[in-house]
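Written out below as structure tokens is the structure these notes cover.
The values are calculated or read from the model by the stated rules, or taken from the named source; none is laboratory data. Quick caveat: nothing in here was measured; it's all calculated off a predicted structure. Reconstructed Cβ throughout: ideal geometry from the backbone, glycine too, with neighbour counts over all protein chains shown. What goes into the accessible areas is simple: the full protein's heavy atoms, side chains included, and nothing from ligands, DNA or RNA. Shrake-Rupley method; radii C 1.70, N 1.55, O 1.52, S 1.80 Å.
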Amino acid sequence: MSLALGPRPTSRRARSHPDPSGRRLPGRPADLSCTLARVVDASQESSAEGPGSADALLRAVAAGDRDAFTHLYDLLARSVFGACLGVLRDPDHAAEVAQEVWVEVWRTAPRFDATRGSARTWSLTLAHRRAVDRVRAVQAQRDRDQKVVDASAHRPFDEVAAEVERRLERTDVRDCLGSLTETQRRSVVLAYYGGRTYREVAEELGAALPTVKSRIRDGLLRLRDCLGVSA
Amino acid sequence: MSEPDDVRALLGAYALDAVDDADRRAVDELVARDPAAAAELDDLRAVAARLAGATPADPPPALREAVLAAVAGMPQTSAGGGAHADPVPSDAPAGDRPVPAAEMPPRPRSRPQRKRSGARWWALAAAVAIGAAVPGAVAVQQAQRAREAEQQQEALADLLTDPSAVVVHGTATDGGGAATAVLTDDRALFSASGLPPLDAGEVYQLWVVDAAGTASSAGVMVWDDGTVRQLADGFTSGDALAMTVEPAGGSEQPTTTPLVTLTAS
């Protein structure tokens, strides 16, 4: 089955993407498809520096500023909740995990290191990790109990893909996912939105472990280039 | 997972949280010693965050208030960590993380920081705060709950074996309710039950009151079926605990007469 995420019929030009950090791996072909996405991106990222930006707010939170925490919540609440909901699907579970995430954001804000990524990345990394922790805890419990506790464990790929397709909002991410090979896309979608380990992905896709490992990594590097993302 | 290349190949799966604990440790070790791998991981994390951010959804409106109440009075960790410390501390809950000195309002005397029981203590603090679940949230998370309960028991056991621990009881005025606290030389656990529900714009708030009568907030407490609980890291020997009703969000200083006050003597 193919995931219905495809490049939109938009005119595109090749772009050059000089990497100021020099981190680009040698021999990795530049992706030529995402000029439009880059433009969209630039407008979104331009707000990453100002006083009301997530980065500035998180730095203030790290200094104990509760007002900044409230503003940060208002700025990222939809993304954080969406990240939890994507993995957990159940809105009540997602709300519980999102609350844990926000408490952790408050507590551990002093550890935020802007040289390693943006405040948004930091927060969403945390949100996804905690959502996955929850899915796995529920799954482990279910394995012990031999009964269904939560339907979010082990959804088949088709279901994960359909859900992602329904919920994906940002056209650049959607387009760039569409630019991956079938195996890359399936591996990434199943691992990330399905909350699976790569071993589970391999089992489900009937692929060898090393293949899935490298497809996930290659897929992400390709997404990085397509989205023009850098930490 | 001994070959560096094998581990390097896991960076993508790691960024997607698609690894097990053994793999995660292997990647952590690689990233700690290999700046190129660390840089790649940072990039891949940023990509993963874009995937996460691509599916925004409106949280339940009650979440905002629950979150703000949960962090009220909660101390933060210190920066710590190495240059490439994992921004998401390992999958274990708060109990396994390093514990900073409590950061309650400044106190004139310095308190020794507990090392052994500190982590568990904080686990209890986190569990109590997180226990303030979003109204309406269904508690289907037995595994998580069991783990939290276990940590709470351990923390409570630590607390009770503290040679300075004293258990005190009191009765709340106005509508009843019974309060109990475990007081030690440098922290206190407060709980009360049988408390009436408050109006929408009100909350129960806990205070640490020192010998001079100065009150410091120990946080807004979430009412759950008549019960509230709170940890007061800012408590020191000789202080009192007091609970008042305050406007939603809590107050800087008590604005009403305490419903109950507990002291060791």
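Can you check what the net charge comes to around A:Leu57, using other residues whose Cβ is under 11 Å from the Cβ of A:Leu57 (Lys, Arg +1; Asp, Glu -1)?
On the way: positive: A:Arg59, A:Arg120; negative: A:Asp55, A:Asp65, A:Asp67, A:Asp74.
Residues near A:Leu57 contribute -2 overall.
Look at the stretch A:125-133: the mean tally of other chain Cβ atoms within 10 Å of its residues' Cβ atoms is 6.
The alpha carbon centroids of the range A:97-121 and the range B:1-65 are separated by 14 Å.
Averaged over the residues of peptide A:200-209, the number of Cβ atoms from other protein chains lying within 10 Å of each residue's Cβ is 1.
Between beta-carbons, use under 12 Å as the cut-off and find the net charge around A:Ala68, counting Lys and Arg +1, Asp and Glu -1.
Numbers: positive: A:Arg59, A:Arg66; negative: A:Asp55, A:Asp65, A:Asp67, A:Asp74.
Result for the neighbourhood of A:Ala68: -2.
Averaged over residues, the count of other Cβ atoms within 10 Å places the peptides A:52-62, A:89-99 in the sequence A:89-99, A:52-62, highest first.
Could you order peptides A:195-204, A:122-131 by the average number of other Cβ atoms within 10 Å of their residues, highest first?
Working: A:195-204: 21.8, A:122-131: 26.1.
Going by the mean number of other Cβ atoms within 10 Å, highest first, we get A:122-131, A:195-204.
Which of the chymotrypsin sites (Phe, Trp or Tyr not before Pro) found in the range A:65-96 are loop residues per DSSP with 15 or fewer other Cβ atoms within 10 Å of their Cβ? Mind showing how you got there, number by number?
On the way: sites: A:Phe69, A:Tyr73, A:Phe81; in loops: none.
For chymotrypsin sites (Phe, Trp or Tyr not before Pro) across the range A:65-96 that sit outside H, G, I, E and B with at most 15 neighbouring Cβ atoms in 10 Å, the list is empty.
Accessible surface buried at the A:B interface totals approximately 7300 Å², computed with a 1.4 Å probe on protein heavy atoms.
Other residues with beta-carbon under 13 Å from the beta-carbon of B:Val67 carry, at +1 per Lys or Arg and -1 per Asp or Glu, a net charge of -2.
Shielding value for A:115-123 is 5, the average number of Cβ atoms from other chains within 10 Å of each residue's Cβ. Here the accessible area is traced with a 1.4 Å probe on the protein chains. For the range A:157-227, carbon and sulfur cover 44 percent of it.
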